[in-house]
Amino acid sequence: MSKVARRIGAVDLQAIEATVRQGGKSLTVSQISEALASPPPRRTLQYRLKHLVRGGRLAMEGAGRGARYLAPVRYAVSAGPANWRVATPEVPAEPILRLSAAGAEIQSIVRQPLDQREPVGYNRDFLDSYRPNQTFYLSREERDELRQIGVSKMVEEYAATHAKKVLERLLIDLTWNSSRLEGNSYSMLETRRLISLGEEAEGKHWGEARMILNHKEAIGFLIENKDEIGWNRYTILNLHNLLSEGLLDDSDAEGRIRQTEVGISGSAFKPLGVPQIVEECFDQLLTKAAAINDPFEKAFFVLAQLPYLQPFLDVNKRVARLAVNIPLLKLNLTPLSWDRVRRETYIAALLGVYELNRTELLRDLFIWAYKRSAARYESVRLVVGDPDPFRMKHRDSIRGIVSAIIRERMDQKQALVYIREWIERNIAPQDAQLFQEHIERELLAMHEGRIAGFRLKPAEFEEWQKIWNA
């Protein structure tokens, strides 16, 4: 152990690390302090947390007042068919996410301890060498497949009812999934209630509600202005402003290119530090993105390059995750909602870009996530691959819980309490989040044409709907 660690006190560090790991989710400094038996002063705790993050024992999401700490996840990679690998982390992975051999290699490199990874700085040649419509991160076959999937019957009827329903669902899905990838602990139902009724969930940090409401405003901006938005400063700066409002220590940094250096916790990558060059690269990035013809290559280029540049003080990943939908919305293609993407895999994919300038793992994740979104938003259910094994395993329990909630005429608050108590008694901790997500999706998708499968009567469903939507 280092001299610094001995000076701090090994026991003190272990207590903090154990507290975060036992929580099973990301925690704020205040939440960690409340959970410790003998909490130190806040500044001391922040210093110790910083030391644990530097040492790779904890990870940090966000910055400033919105910073949250969590336990890093270690991955194992098991063999799959042909030259593929299947991600099998110690917590449930994305359903049937298969990694290419190159993607699996990247994941194994970036999951090594931080002190074993080579420190690197921003490589401008990674941006300079990209030639729009000559350089491609996605192969022709991949781009053609994505376009074929994205141009569905539903989006051909874009001005009709189907498109309206897609965009209404996208607002909830993209808000929840993008916030979740930042460590936000709101459930899907709590997110829906906050967006619809403005009601914050009890016991949550104020920054979580702010993050969700900011997503709502930013996604609304993209949807309502799909004919005007594009790869220009107006769009991206305003998108950042909407996503970061009230979450940065320096409010003047909202919607502005950063004027100071930033760091990436848990990474060996050091972003570009000279403000004038950051600004120059930002404009270069936008110019190249605007020149790319293929909408999926355009989306992926920004997904990789914008977080790598880190043009803003914070909230760069959120801007990129929402911005990928700009070319899709403009061409009436199925949007990308990041459904079922795990934060650990997403972070590993970005670390591959940051530290190695390699995009294969991020490409694997992007293609997989888009296929899931396209299937979710198709008006007619698509049969894609094998059925979800997790859902099949818990099918009877899921239906039983949904039926009980409807028969007992529970409102959304009562349902959340019931779901969490049932899960605590019956489901293994590592499966709890995924199980709850399945329940919430069933509840949000319930309509009169589905009640027979849940052994419900029309009168029971109608009475529940009055309470549920109140």
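The values are calculated or read from the model by the stated rules, or taken from the named source; none is laboratory data. Only a predicted model underlies this, so the values are computations on that prediction, with no experimental measurement involved. Positions of Cβ are backbone-derived with ideal geometry, glycine not excepted, and every protein chain shown enters the neighbour counts.
Brief remarks follow.
- Any hit, the stretch 311-330, residues being modelled with pLDDT under 95, assigned to a loop (DSSP other than H, G, I, E, B) and of a type outside the set (A, V, I, L, M, F, W, C): yes
- Residues that are outside any helix (DSSP H, G or I) and crowded, with 20+ Cβ neighbours inside 10 Å, drawn from the stretch 206-247: I229, W231, L247
- Pair list, Cβ < 7 Å and 6+ apart or interchain, from the stretch 328-346 residues that are farther than 19 Å from A304 by Cβ to residues that are in a loop (DSSP other than H, G, I, E, B) and small (G, A, S): T334/S152
- Subset of the stretch 436-455 [without any contact (Cβ under 8 Å) to a residue 60 or more places away in the chain and within 17 Å of T191 (Cα to Cα)]: H438, I439, E442, A445
- Subset tally (residues that are surrounded by 23 or more Cβ atoms within 10 Å (Cβ to Cβ) and within 21 Å of S179 (Cβ to Cβ)) for the stretch 352-368: 3
- Residues being of a type in the set (A, V, I, L, M, F, W, C), over 26 Å from the mean Cα position of the chain (by Cα) and modelled with pLDDT of 85 or more are entirely absent from the stretch 444-451.
- The residues in the stretch 404-431 that are of a type in the set (G, A, S), part of a helix (DSSP H, G or I) and surrounded by fewer than 17 Cβ atoms within 10 Å (Cβ to Cβ) can be counted, and the count is 1.
- Flag for E202 being surrounded by fewer than 18 Cβ atoms within 10 Å (Cβ to Cβ) and either at pLDDT 90 or above or not assigned by TED's automatic domain parsing to the domain that holds V262 (or both): no
- Near pairs, Cβ below 9 angstrom, 6+ apart or cross-chain, from the stretch 108-126 (outside the structural domain of A289 (by TED's automatic domain parsing) and small (G, A, S)) to any residue that is outside any loop (DSSP other than H, G, I, E, B) and surrounded by 11 or more Cβ atoms within 10 Å (Cβ to Cβ): S108/Y75; S108/V77
- Test: residue in the stretch 299-319 that is surrounded by 23 or more Cβ atoms within 10 Å (Cβ to Cβ) and charged (D, E, K, R): yes
- Residue in the stretch 331-346 that is farthest from A369 (Cα to Cα), counting only those that are in contact with a Pro (Cβ under 9 Å, 6 or more places away or on another chain) and part of a helix (DSSP H, G or I): E344
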